[in-house]
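Novice: My questions all concern the structure below.
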Amino acid sequence: MEKYRYPEVFVEGVESDKYVLEINEHYILVLTKEDLEKYVNYKRVFGHIIYEHIINYIDLVKPATKKAFIVIPEYSGEKEMNGFLIDENKKLCLIEVKGIQPYVFPREGDEIEERDKVAYIITGKGEVRTIRSPCKGVVLLVINFPWEKPEKYVLAVVNKNDIREITIRKSP
């Protein structure tokens, strides 16, 4: 049986229960604070946060990133996982999807073009509306706010040149 995989976010300089360390251009997942103290030669440390809280590290007015962070689209806790690293002050294109029943198509890591269909929403009157992307790039985040009524998603799209694909290895 295949393990359930879900997206996770690690933000630079945040206290947490698990961390990703940057050591000589390599990235290591550390699962406890005690293990973190074993490493002394890391360049940067990224702390795990609840996925939806990433909105606090995005400047919604500019829009841009407030801190560097790592997105792992399919977190499995296995020996090796792929992720994306984005530094602070990188420009974002934010797409809001809001409706009674939103259906978002792209996932983290998907590339989209300008005018691509990114979502359908069902309105209060039962009509189906199509949401198209105003920009092209890589979908970095798909943030869901199910407690808001009508339900809302925010998609953060970034220029492909502003992110780095990285491999995160589990600490031995």
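Novice: Can you give me the % of accessible surface on the chain that is carbon or sulfur? Probe 1.4 Å, all protein chains present, nothing else counted.
Specialist: It is 48 percent, rounded to a whole number.
Novice: Okay, moving on. Strictly over 25 Å apart at the Cα level, which of Lys38/Lys66; Lys18/Lys149; Lys67/Lys152; Lys62/Lys160 would you flag in this model?
Specialist: From the list (Lys38/Lys66; Lys18/Lys149; Lys67/Lys152; Lys62/Lys160), the Cα-Cα distance tops 25 Å for Lys38/Lys66; Lys18/Lys149.
Novice: Please work out the FRET efficiency for the pair Asp110 and Asn144, using the Cβ-Cβ distance as r and a Förster radius of 22 Å; give the result to the nearest 0.05.
Specialist: Values: r = 16 Å, r/R0 = 0.72.
Using R0 = 22 Å, I get an efficiency of 0.90.
Novice: Say R0 is 25 Å: what FRET efficiency, to the nearest 0.05, do Asn159 and Ile55 get from their beta-carbon distance? Please report the intermediate quantities before stating the final value.
Specialist: Values: r = 20 Å, r/R0 = 0.80.
My answer for the efficiency is 0.80.
Novice: A further question follows. Calculate for the chain the 222 nm mean residue ellipticity that helices alone would give, adding -39,500 (n - 2.57) per DSSP H run of length 4 or more and normalising by residue count, nearest 500 deg cm²/dmol.
Specialist: -500 deg cm²/dmol
Novice: Related question: Just the accessible area per residue of the chain, please: how many Å² with a 1.4 Å probe?
Specialist: Numbers: 9830 Å² over 172 residues.
Here the residues of the chain average 57 Å² of exposed surface.
Novice: What's the local net charge at Ile28, with K and R +1, D and E -1, over the other residues with C-beta under 9 Å away?
Specialist: Neighbourhood net charge equals +1.
Novice: For the chain, calculate the relative contact order in percent as a whole number, restricting contacts to Cα pairs under 8 Å that are 6 or more residues apart.
Specialist: Relative contact order here is 23 percent.
Novice: Then there's this: Each residue of region 157-165 in order: what ³J(HN,Hα) in whole Hz does its phi give by Karplus 6.51 cos²θ - 1.76 cosθ + 1.60, θ = phi - 60°, with x for Gly and Pro?
Specialist: Each residue of region 157-165 in turn: 10, 10, 4, 4, 6, 8, 10, 10, 7 Hz.
Novice: What relative contact order, as a whole-number percentage, does region 1-89 give when Cα pairs under 8 Å and 6 or more residues apart are counted? The partial results should precede the final answer.
Specialist: Numbers: 165 pairs, mean separation 30.0, N = 89.
That works out to 34 percent.
Novice: How far apart, in nm, are the 7 Å Cα→Cβ label points at Asn82 and Lys98?
Specialist: Between Asn82 and Lys98, the label points sit 3.4 nm apart.
The values are calculated or read from the model by the stated rules, or taken from the named source; none is laboratory data. The structure presented is a predicted model; accordingly, all values stated were derived computationally and were not measured. So basically every Cβ, Gly included, is an ideal-geometry build from the backbone, and we count neighbours across all protein chains shown. Please note that ligands, DNA and RNA were not included when accessible areas were found on the heavy atoms of the full protein model with its side chains. Shrake-Rupley method; radii C 1.70, N 1.55, O 1.52, S 1.80 Å.
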